[in-house]
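Report on one structure; see the data block that follows.
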Amino acid sequence: MASAFKNALRQLADSSALLASDFPDKRRFRQAIDHLKNPQRLLKKKLVLRLDGQKKASFQAFRSQYNDARGPFKGGIRFHPQVSEDEVKALSFWMAVKCAVTDIPYGGGKGGIKIDPKKHSEAELRRLSKEYASWLSPYIGPWKDVPAPDVNTGEREMAWMLEAFEGRFGSHAPATFTGKPIALGGSLGRTEATGQGGVYILSEYSKIKKLKNSKTEIAVQGFGNVGFWFSKLAGKLGYKIVAVSDSSGGIYDPKGLNVDKLSLLKEKFGSFEKASKKEGLKFITNEDVLTLPVDILAPAALENAIGEDNAMRVKAKAILELANGPTSPEGEKILLRKKVDVIPDVLCNAGGVTVSYFEWVQNLHGYRWTKERVNSELSVVMKKSFGDIYSIVKSKKVSFRNAAYILALKRIVDAMMLRGRV
């Protein structure tokens, strides 16, 4: 499998080729694209942690800061055994693109620690979180780099990291981290923000395709935070959710599913596979979920879920990418040949970073918005972003992904040129 960063550079090359004609000064444009082939800064360090039994262990830590021409770096911190330099570089590039797509004033960042958090106590994770934040403290801050939660991290870890950062400088700086607990300056509406943003994109896509909510069948692969909230909120609008899945497999009912009921069953039995046996529900594999005859397929779980090996079997009319990178470049080529619209992750799942931006704004002002205001502002951003991309789809006759990258790269390159970086 190609490295994530090689895939990112391929997307950069493809999109810059389509964008070049928009820039009269080809030399400066090429310089800007060359700058974008690497992060501005890549931080790496082995963090030493004293374990509960007094032994010491070291863990590889990373932070990739991609491009800050449009504003402070922004991106999550993940705790996972597969964290690597390649991964954080790719994800920080995609974050720069995502922020530019939604026109929020950030660059891209991503960080992580190579660790299996399930094998460590809460006290060990707390010490490691604080060590990580202390190490990064010279390089992060409200106007430098604003980290957030990611895989296996959440508001608990952000609270620990904020405490360590503020301890280094002796002053409050809540806008340094987003995804914090509400009591420490977190934003209302953040929990469901990514799923909510995806539903706003679904609504806009439905308008251009003239789809009727009640007749639009949707299969959702993945039932974590994003998959659950997307399914729940889309169902509230009358869309027919016919399949949802977790790591064990999926539940399918062509008549439509009750998402709240399934959430309770998953909580009770631990997995959809066990729930299906106990409750007599139709159980299908995750691969089956991807190949159902539905209007919209929303992959909300793993990277490369749709690839060269299974794209021909996908029967959905459109893909709504709620996960990061769920469609491989080879898989997408096949889907596009089949005239399947692929609405890219850098648009569909940008609700999370957008509400993180709102949290940052609230912290800088020392003020809290209502949940209604958060969702109203999110709706404006997501709908405008979809409209901006769709106008490029029509004018340049390109895919939704290419249109998103053309839009984002133009905004980033324009900012670099205005600053005189190239």
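The values are calculated or read from the model by the stated rules, or taken from the named source; none is laboratory data. Given the structure is predicted, the values throughout are model-derived calculations rather than measurements. Please note: Cβ atoms are built from the backbone with ideal geometry, for glycine as well, and neighbour counts cover all protein chains shown.
Candidates are the residues of region 329-385 that are in contact (Cβ under 8 Å) with a residue 60 or more places away in the chain and in a loop (DSSP other than H, G, I, E, B); the one that is surrounded by the fewest Cβ atoms within 10 Å (Cβ to Cβ) is Thr370. Residues considered: Ala323, Ala316. Of these, the only one that is at pLDDT 95 or above, under 28 Å from Asp150 (Cβ atoms) and surrounded by 15 or more Cβ atoms within 10 Å (Cβ to Cβ) is Ala316. For region 160-180, the set of residues classified as buried (at least 19 other Cβ atoms within 10 Å of the Cβ) and in a helix (DSSP H, G or I) consists of Trp160, Met161, Leu162, Ala164, Phe165, Pro174, Ala175, Thr176, listed by residue number.
Residues are listed down the side, and each one gets a yes or a no for (1) under 16 Å from Asp103 (Cα atoms); (2) modelled with pLDDT under 95; (3) among the aliphatic types (A, V, I, L, M):
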{"position": "Lys371", "(1), (2), (3)": "no, no, no"}
{"position": "Val374", "(1), (2), (3)": "no, no, yes"}
{"position": "Ile389", "(1), (2), (3)": "yes, no, yes"}
{"position": "Asp414", "(1), (2), (3)": "yes, no, no"}
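Counting the residues of region 201-247 that are small (Gly, Ala, Ser) and in contact with a Phe, Trp or Tyr (Cβ under 7 Å, 6 or more places away or on another chain) gives 2.
Among the numbered conditions (1) surrounded by fewer than 17 Cβ atoms within 10 Å (Cβ to Cβ); (2) under 30 Å from Lys56 (Cα atoms); (3) out of contact with any Asp or Glu (no Cβ under 8 Å at 6 or more places or on another chain), tell me where Ala183 comes up short. For Ala183, the failing item is (2).
Among the conditions (1) more than 19 Å from Trp94 (Cα to Cα); (2) part of a loop (DSSP other than H, G, I, E, B), the only one that Arg126 does not satisfy is (2). Of the residues making up region 231-250, one or more are surrounded by fewer than 16 Cβ atoms within 10 Å (Cβ to Cβ) and within 28 Å of Leu91 (Cβ to Cβ). Figure legend. Inter-residue proximity from region 23-36: first residues assigned by TED's automatic domain parsing to the domain that holds Ala96 and more than 21 Å from Gln65 (Cα to Cα), second residues in a helix (DSSP H, G or I) and aromatic (Phe, Trp, Tyr), beta-carbon distance below 7 Å, spacing 6+ or different chains. No pairs are indicated. Among the conditions (1) touching a residue at least 60 places away in the same chain (Cβ under 8 Å); (2) touching a strand residue (DSSP E or B) at 6+ places or on another chain (Cβ under 9 Å); (3) of a type outside the set (Asp, Glu), Asn213 misses just one, which is (1). May I ask you to verify whether Asp34 is at pLDDT below 95 and either surrounded by fewer than 20 Cβ atoms within 10 Å (Cβ to Cβ) or over 17 Å from Ile113 (Cα atoms) (or both)? When the stated conditions are applied, Asp34 does not pass them.
Can Gly270 be described as on the phi > 0 side of the Ramachandran plot, modelled with pLDDT under 95, surrounded by fewer than 17 Cβ atoms within 10 Å (Cβ to Cβ) and not hydrophobic (A, V, I, L, M, F, W, C)? Considered against the rule, which asks whether it is on the phi > 0 side of the Ramachandran plot, modelled with pLDDT under 95, surrounded by fewer than 17 Cβ atoms within 10 Å (Cβ to Cβ) and not hydrophobic (A, V, I, L, M, F, W, C), Gly270 comes out as yes.
Could you list, in sequence order, all residues of region 269-282 that are within 28 Å of the chain's Cα centre (by Cα) and without any contact (Cβ under 8 Å) to a residue 40 or more places away in the chain?
Once the filter is applied, which keeps residues that are within 28 Å of the chain's Cα centre (by Cα) and without any contact (Cβ under 8 Å) to a residue 40 or more places away in the chain, region 269-282 yields Gly270, Ser271, Glu273.
When restricted to residues that are among the polar types (S, T, N, Q) and in contact with a Phe, Trp or Tyr (Cβ under 7 Å, 6 or more places away or on another chain), region 378-422 contains 1. Output yes when any residue across region 391-398 is farther than 29 Å from Thr291 by Cα, touching a residue at least 60 places away in the same chain (Cβ under 8 Å) and either touching a helix residue (DSSP H, G or I) at 6+ places or on another chain (Cβ under 7 Å) or in a helix (DSSP H, G or I) (or both), and no when none is. Yes: region 391-398 contains one or more residues that are farther than 29 Å from Thr291 by Cα, touching a residue at least 60 places away in the same chain (Cβ under 8 Å) and either touching a helix residue (DSSP H, G or I) at 6+ places or on another chain (Cβ under 7 Å) or in a helix (DSSP H, G or I) (or both).
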